[in-house]
């Protein structure tokens, strides 16, 4: 196979190359921080590599899946951001990192007929940041890869949406009015419970859009959790509150239930029970992309790169890890949780440390600050806890106050990416869009 070598994208080969793999919340914020600081430099070039042409905030994927959010409206073009902030963007999927040669290998691009459009490429780096995010972990469970949707990317969210709409048309057109639509979600974490709530939110409004024979009574949503509690990484009070609200709106919650295998129309539990499913979603755990471990980088059993306190990868001072793909120990035990706030904080530290190498300054160690967690149950409720500088100690919040804090998280991300003025204009545009377009995407 032909391989083309890219010394840099848009800059001279003699310039220093900072390459960031992954344009998720942390990776994109990091690239923009670096680009802003280095915009007057002719000696340093910043390049972002991502397999997608546009960015969408990952915590919104469950809304893309249900149709309560139009991904085409909320997406942000990487090329537009590259033009605005003066960094380079390379569309492609990273397949291997050669740490010794300081080269990233990028997969060839082919059309639907398999004809190669762009050959495999190699991009040189002086400093590399690994932030490709995480993938759903099926733990090798039989049938999951074939029959379950993993809600870990925009493509998977849109795949769920199309399948859900097909099943919706089937059920609403059935002669038997007792026919129901069954959605089974494996995993009682944030993705699972938020998806379950939003499915009921959408179901309650479908009659307004021509589905006169469909109502939330004809929708069976189940959340299956292997442990004894929902949201096991969060305080027990939050998990109990979420379970109570899900049960109230009609979601079946099954805890202490382990899935043994998946079939086309059912999930089989460890005790042999068969749970019928028209649509199955797997959201039971995460792991890092396989290319990290396959590149020979030090990784844990989930494939996450092991990092030093300054977030440099163990044994490779010019390579950093950030976000969900990063195995970063905490002083109190355990590792930094895979959350948007973790990626945001890591991006700030990695940006500081990379810039410090050019300024001759000392690097900074990463210390995770937990500001709490918020879980949105669509229009029904929002619950969570606030910590850190926002309040003294830990405060449990729910209702409109929790919803306000939850919505502000997305606006904070937009502000980091676009800046305050552009974020205000985006908010205005969202208002106009909401007033002139349908609230639900049903196509």
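Structure above, values below:
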quantity: Fewest-first ranking of 443, 85, using other Cβ atoms within 10 Å as the exposure measure; calculated: 443, 85
quantity: Cα long-axis angle, helix 236-249 against the chain (0 to 90 degrees, to the nearest 10); calculated: 50 degrees
quantity: Label-point separation, residue 41 to residue 438 (7 Å along Cα→Cβ), nm; calculated: 4.9 nm
quantity: Using alpha-carbon coordinates, inclination of helix 25-37 to the longest axis of the chain, degrees; calculated: 30 degrees
quantity: Inter-site label distance for residue 424 and residue 80 at 7 Å from Cα along Cβ, in nm; calculated: 2.0 nm
quantity: Helical contribution to [θ] at 222 nm, DSSP H n ≥ 4, -39,500 (n - 2.57), averaged over the chain, rounded to 500; calculated: -10000 deg cm²/dmol
quantity: Size-normalised alpha-carbon gyration radius of the stretch 372-436, reference 2.2 N^0.38 Å; calculated: 1.29
quantity: Compactness of the chain - radius of gyration and Dmax, Cα, Å; calculated: 22.5, 74
quantity: For the stretch 144-282: Kirkwood Rh in Å [reciprocal of mean 1/r, alpha carbons]; calculated: 15.4 Å
quantity: Inter-probe distance in nm under a simple model that places probes 7 Å from Cα toward Cβ, at residue 117 and residue 72; calculated: 1.8 nm
quantity: Length released on extending from residue 408 to residue 365, taking residue separation times 0.36 nm less the Cα-Cα span; calculated: 12.7 nm
quantity: Potential extension, residue 240-residue 255 segment - 0.36 nm per residue separation minus Cα distance; calculated: 4.2 nm
quantity: Segments 263-272, 317-326 sorted - mean Cβ within 10 Å per residue, highest first; calculated: 317-326, 263-272
quantity: Residue among 431, 96, 233 with the largest mean-square fluctuation in a Gaussian network model of the chain, springs linking Cα atoms under 10 Å; calculated: 431
quantity: Fluctuation leader among 197, 347, 174 - the chain, Gaussian network, Cα springs under 10 angstrom; calculated: 174
quantity: For the stretch 94-143, radius of gyration divided by Kirkwood radius, i.e. Rg to Rh on alpha-carbons; calculated: 1.11
quantity: Cβ-based exposure ranking for 57, 400, 282, in which fewest neighbours within 10 Å come first; calculated: 400, 57, 282
quantity: Inter-centroid distance (Cα atoms) of the stretch 261-334 relative to the stretch 207-256, Å; calculated: 25 Å
quantity: Additional length obtainable on full extension of the chain from residue 159 to residue 146, 0.36 nm per residue less Cα span; calculated: 3.3 nm
quantity: Between helix 190-203 and the chain: long-axis angle, C-alpha atoms, 0 to 90°, nearest 10; calculated: 50 degrees
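All of the numbers you see were taken from the coordinates with simple rules; none came from a lab. What you are looking at is a predicted structure, and each value in this text was computed from that prediction instead of being measured. Positions of Cβ are generated from backbone atoms using ideal geometry, with glycine treated the same way; all protein chains shown enter the neighbour counts.
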